[in-house]
Amino acid sequence: MLNVLRKNLYSFTVKTILFYFLALLLWVPIVPYYTELQVKILNAIYYHPPLLKSFQVEEKTRISLTSRIEVPITGEIATIENTFDMNVISSNIVLLLALILALPRLSYLKKLKLSGISIFILITFHLLDIVRHINYVEINSFFENNIQKSFFCYHVHKALHNFLSLAGRALFAIFLFIIVAAPYYRALDQKISIKNIKRNDPCPCGSNKKYKNCCGK
């Protein structure tokens, strides 16, 4: 049993590495188009004159932000500029696709469905990640200008920023992979167990009845 698990784990790891480089090659030329999509969505969300945040594509895969915000206490309008590298932010898409494509026992149609659901969730996550980063930059600039702000709020933003910058995006992709793949494997295991069940065996649903008198009717 242990040898089988090791063999399956080794096979899954090798396939994940191979699919990672394949997905990376496919994703790199798509990133500029994905960057433009994110810019359009962000401009639609954040356009609130006279205080506005303007997003533009820079060097194909970078998003530049010009943010005009009202400074607390003084009421002055401050301008903050920042950039986001979409190659870094969207890197977890490549990891997630590699994990899904390396899954054993699933048809490519189901893998395609899983990939579509996962990418949609990651697009939303990337938007929230950029919004979170904007809030962090603004709060950080307030502290640099010695403007009083919630000390707790600042350190929560800082901890979240450091976590996502280091390994948080990859960990989120792995967590999402487990969440979306688990229901398919649970259903698959149930089908396999039902195939091996005899009519007079106990029902796998846990009702303590015979299979023929319960789910096998």
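The values are calculated or read from the model by the stated rules, or taken from the named source; none is laboratory data. These figures come from a predicted structure and were not determined experimentally. Virtual Cβ from ideal backbone geometry, glycine too; neighbours counted across all protein chains shown. SASA here: full protein model, heavy atoms, side chains in, ligands and nucleic acids out. Shrake-Rupley method; radii C 1.70, N 1.55, O 1.52, S 1.80 Å.
Which residue pairs have Cβ atoms closer than 7 Å, lie 6 or more positions apart in sequence or on different chains, and pair a first residue in region 5-22 that is farther than 14 Å from Pro104 by Cα with a second residue that is of a type outside the set (Val, Ile, Thr) and modelled with pLDDT of 90 or more?
Between residues of region 5-22 that are farther than 14 Å from Pro104 by Cα and residues that are of a type outside the set (Val, Ile, Thr) and modelled with pLDDT of 90 or more, the close pairs are Tyr20/Leu95; Tyr20/Ala98.
Has region 72-80 got any residue that is open to solvent by 10 Å² or more (accessible area, probe 1.4 Å), at pLDDT 75 or above, more than 15 Å from Val180 (Cβ to Cβ) and among the charged types (D, E, K, R)? Give the steps one after another, and end with the answer.
At the first step, the residues of region 72-80 found to be open to solvent by 10 Å² or more (accessible area, probe 1.4 Å) are 72-80.
Still in the list and also at pLDDT 75 or above: 79-80.
Of the ones still in play, those that are also more than 15 Å from Val180 (Cβ to Cβ) are 79-80.
Those still in the list that are among the charged types (D, E, K, R) too: none.
No, there is no match, as no residue in region 72-80 is open to solvent by 10 Å² or more (accessible area, probe 1.4 Å), at pLDDT 75 or above, more than 15 Å from Val180 (Cβ to Cβ) and among the charged types (D, E, K, R).
If I filter region 23-33 down to residues being within 18 Å of Ala170 (Cβ to Cβ) and assigned to a helix (DSSP H, G or I), which single residue comes out as most open to solvent (accessible area, probe 1.4 Å)? Please lay out each step first, then the result.
To start, the set of residues in region 23-33 that are within 18 Å of Ala170 (Cβ to Cβ) comprises 23-24, 27-28, 31.
Keeping just the survivors that are assigned to a helix (DSSP H, G or I) gives 23-24, 27, 31.
On the way: Ala23: 9, Leu24: 64, Trp27: 37, Val31: 2 Å².
Among those residues, the one meeting the criterion is Leu24.
Need pairs with beta-carbon distance below 8 Å; first residue closer than 12 Å to Leu176 by Cβ and within region 105-124, second hydroxyl-bearing (Ser, Thr, Tyr) and part of a helix (DSSP H, G or I); sequence gap 6+ or separate chains.
Listed pairs, sorted by first residue: Leu114/Tyr184.
Can you name every residue in region 29-51 that is β-branched (Val, Ile, Thr) and either touching a helix residue (DSSP H, G or I) at 6+ places or on another chain (Cβ under 6 Å) or at pLDDT 90 or above (or both)?
Hits for region 29-51 are Ile30, Val31, Thr35.
Among the residues of region 159-217, how many are closer than 22 Å to Leu103 by Cα and either modelled with pLDDT of 70 or more or in contact with a helix residue (DSSP H, G or I) (Cβ under 7 Å, 6 or more places away or on another chain) (or both)?
Number satisfying all stated conditions: 16.
If you check every pair at least six apart or on different chains, which have Cβ atoms under 8 Å apart with a residue in region 170-181 that is over 15 Å from Thr16 (Cβ atoms) first and a residue that is open to solvent by 70 Å² or more (accessible area, probe 1.4 Å) and part of a helix (DSSP H, G or I) second?
Every condition considered, the pairs that remain are Val180/Ile117.
So that you can scan it fast, the table gives a plain yes or no per residue for (1) buried (at least 18 other Cβ atoms within 10 Å of the Cβ); (2) touching a strand residue (DSSP E or B) at 6+ places or on another chain (Cβ under 7 Å); (3) modelled with pLDDT under 85:
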{"position": "Ile119", "(1), (2), (3)": "no, no, no"}
{"position": "Leu122", "(1), (2), (3)": "yes, no, no"}
{"position": "His126", "(1), (2), (3)": "yes, no, no"}
{"position": "His133", "(1), (2), (3)": "yes, yes, yes"}
{"position": "Tyr136", "(1), (2), (3)": "yes, no, yes"}
{"position": "Ile147", "(1), (2), (3)": "no, no, yes"}
{"position": "Phe151", "(1), (2), (3)": "no, no, yes"}
{"position": "His155", "(1), (2), (3)": "no, no, yes"}
